[in-house]
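Engineer: Once you've had a glance at the structure underneath, I'll fire off some questions.
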Amino acid sequence: MKKYTLIACALATMLYANICSAQTLTLDKTTKLVPVGWSVAEDIKFQKGTDVELTSDGQVITGVLDSTTYLRPTGWQNMINDFYYSAAAPAFYPPFYWQPFDDWGPGPAPAMLIPTYGHVRYKSETPVTFASDGTVISGTIDQDVTLSIQKGKYGFVNFKGGNQLVFYPNGAVQTATLANDTSLRPLGWQSNALDASAGFVEFKGGTQISFSQDGFVISGTLNENTLWFNTNGSSSTLPPKTVVNFTTAGIEVAD
């Protein structure tokens, strides 16, 4: 919990460094507050006993959610699974998108796919950081989320719920956790497009991964033995379960 809070606060500091009068407040009770960038106030509750970072006019930059909450992420336009699955009574329209319903009492109920309008379920008791447009730029997702990682190119990545999902301000994925083993191109892939792999490397599901703003892997955990060629012509075979940082100059293997 402390780790997530420190990450969120550091990100908020970078995003809002120009807001000199931002303030930090410790909540003495569960409190309804409005995130920065919102034009309509809704019932977003932040947890008692936690710190919230506020703008000078009282809007939330970073805070800890009191309950699981549907919010729109910064990269919402890159989302693929824009719905949640629910049992629902027929001819009944759902409440507002971040208050899902799952059970209508005894007896079977037909299944429905309910649109989220670009929203994701964020986990209770974890911090979220809002971008200036009111979207969540950093937070812990409570469900798997599928996103496109490169604008204008085909391909989708499934990211695992229960982990942080962080975006760049332009909506590109910065850091997340892979839900499945996934083949992706790292920085420097051009020097490795020498065979049928075409520069793709398989990264291990359930591990954290980081991308450049262009959607190339800059840090990730390998899933299998990988032969890697550096731009200077040197090469090495990297073992599985190895965390590798990819740079334009070559690779750095984490200890």
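The values are calculated or read from the model by the stated rules, or taken from the named source; none is laboratory data. Treat the numbers as computed from the prediction; the structure is a model and nothing was measured. Heads up, the Cβs are rebuilt from the backbone with ideal geometry, glycines too, and the neighbour counts pull from every protein chain shown. Accessible surface areas use protein heavy atoms only, side chains included; no ligands, DNA or RNA. Shrake-Rupley method; radii C 1.70, N 1.55, O 1.52, S 1.80 Å.
Engineer: Work out from phi, with θ = phi - 60° and the Karplus expression 6.51 cos²θ - 1.76 cosθ + 1.60, the ³J(HN,Hα) of each residue of segment 183-191, listed in order in whole Hz, and give x for Gly and Pro.
Structural biologist: Here the 3J(HN,Hα) series is 8, 9, 9, x, 4, x, 4, 4, 6 Hz.
Engineer: Taking a 30 Å limit on the Cα-Cα distance, which of the listed pairs LYS153/LYS241; LYS48/LYS151; LYS123/LYS204; LYS32/LYS151; LYS32/LYS204; LYS45/LYS153 fall beyond it?
Structural biologist: On the way: LYS153/LYS241 28 Å; LYS48/LYS151 40 Å; LYS123/LYS204 24 Å; LYS32/LYS151 36 Å; LYS32/LYS204 39 Å; LYS45/LYS153 38 Å.
Violating the 30 Å limit, Cα to Cα: LYS48/LYS151; LYS32/LYS151; LYS32/LYS204; LYS45/LYS153.
Engineer: Work through the residues other than GLY220 whose Cβ is under 13 Å from its Cβ and net out their charges, Lys, Arg +1 and Asp, Glu -1.
Structural biologist: Here the charged neighbours net out to -1.
Engineer: Can you tell me how much longer the chain between ALA249 and GLN213 gets when fully stretched, taken as 0.36 nm per residue apart minus their C-alpha distance, in nm with one decimal? Let's see the in-between values first.
Structural biologist: Details: separation 36, 0.36 × 36 = 12.96 nm, distance 1.75 nm.
Value of the extension gain: 11.2 nm.
Engineer: Would you grab the residues whose amide H sits under 5 Å from the one on ARG72? Only those 5+ places off in sequence or on another chain, please, with H modelled 1.01 Å from N.
Structural biologist: Amide H neighbours of ARG72, under 5 Å, 5+ apart: VAL120, VAL136.
Engineer: Here's another thing I want to ask about it. Gain in length, ASP144 to LYS32, computed as 0.36 nm per residue apart minus the alpha-carbon separation, to one decimal in nm? Could the numbers behind the result be given before it?
Structural biologist: On the way: separation 112, 0.36 × 112 = 40.32 nm, distance 2.68 nm.
Value of the extension gain: 37.6 nm.
Engineer: Please work out the average accessible area per residue across segment 126-242, using the 1.4 Å probe convention, and give it in Å². Please list the in-between numbers first.
Structural biologist: On the way: 5070 Å² over 117 residues.
Counting only protein heavy atoms, the per-residue value for segment 126-242 is 43 Å².
Engineer: Amide H of ASP181: which non-local residues (sequence gap of 5 or more, or other chain) have their own amide H closer than 5 Å, using H built in the peptide plane?
Structural biologist: Result for ASP181 returns GLY205.
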